[in-house]
1. Restricting to the stretch 14-32, count the residues that are surrounded by 15 or more Cβ atoms within 10 Å (Cβ to Cβ) and in contact with a strand residue (DSSP E or B) (Cβ under 9 Å, 6 or more places away or on another chain).
2. Residues 58, 38, 79, 72: which one is open to solvent by less than 40 Å² (accessible area, probe 1.4 Å) and among the aromatic types (Phe, Trp, Tyr)?
3. State which residue pairs qualify: first residue under 13 Å from residue 70 (Cβ atoms) and inside the stretch 31-55, second residue part of a loop (DSSP other than H, G, I, E, B) in any location, beta carbons under 7 Å apart, and separation of 6 or more residues or different chains.
4. How many of the residues making up the stretch 1-36 are modelled with pLDDT under 95 and outside any helix (DSSP H, G or I)?
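The values are calculated or read from the model by the stated rules, or taken from the named source; none is laboratory data. Since the model is a prediction, treat every value here as computed from it, not as a measurement. We place every Cβ from the backbone using ideal geometry, glycine too, and count neighbours over all the protein chains shown. Quick note on the areas: whole protein, heavy atoms, side chains included, nothing else; ligands and nucleic acids left out. Shrake-Rupley method; radii C 1.70, N 1.55, O 1.52, S 1.80 Å.
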Amino acid sequence: MVIIKKTTLTEFGNEHADAIDALNEWYDKSKKSNWNNFNDVKKTFNSVDYVGNDRYVFNIKGNKYRLIAMIFFDIRTVFIRFIGTHGEYDKIKDCSLI
């Protein structure tokens with residue numbers, strides 16, 4: 001998959017050093033994947049959730065952090081829309097709008 005905005009992960013890792021390894025693992029697995037649908041994503045990341053409007057929520061570092069990404073299977077592209085603490089994620093009213 002093509003990952004758009006790796007800088008978002010890098011910047012977040014600069015502020016949350018404990019997340020760097022988990023974010024790099026998420027990035028590497030996602031980049032190497034060739035997902036065609038939600039079930040394929042679920043095989044790679046068992047805890048992923050689909051929240052509507054092409055948005056998927058990933059638990060990072062044992063659910064300490066949350067990553068929201070838009071996935072377009074037809075063009076093999078993942079757009080990182082949000083990365084934050086679980087508390088920051090809980091403040092989001094509607095993930096499908098991020």
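1. Here is the first cut: in the stretch 14-32, the ones surrounded by 15 or more Cβ atoms within 10 Å (Cβ to Cβ) are 16, 19-20, 22-23, 26-27, 30.
Retained after the next criterion (residues that are in contact with a strand residue (DSSP E or B) (Cβ under 9 Å, 6 or more places away or on another chain)): 16, 19, 22-23, 26-27, 30.
Count: 7.
2. Details: 38 fails: open to solvent by less than 40 Å² (accessible area, probe 1.4 Å); 79 fails: open to solvent by less than 40 Å² (accessible area, probe 1.4 Å); 72 fails: open to solvent by less than 40 Å² (accessible area, probe 1.4 Å).
After applying the criteria, what remains is 58.
3. 35/1; 41/35; 41/48; 55/98
4. Here the count works out to 1.
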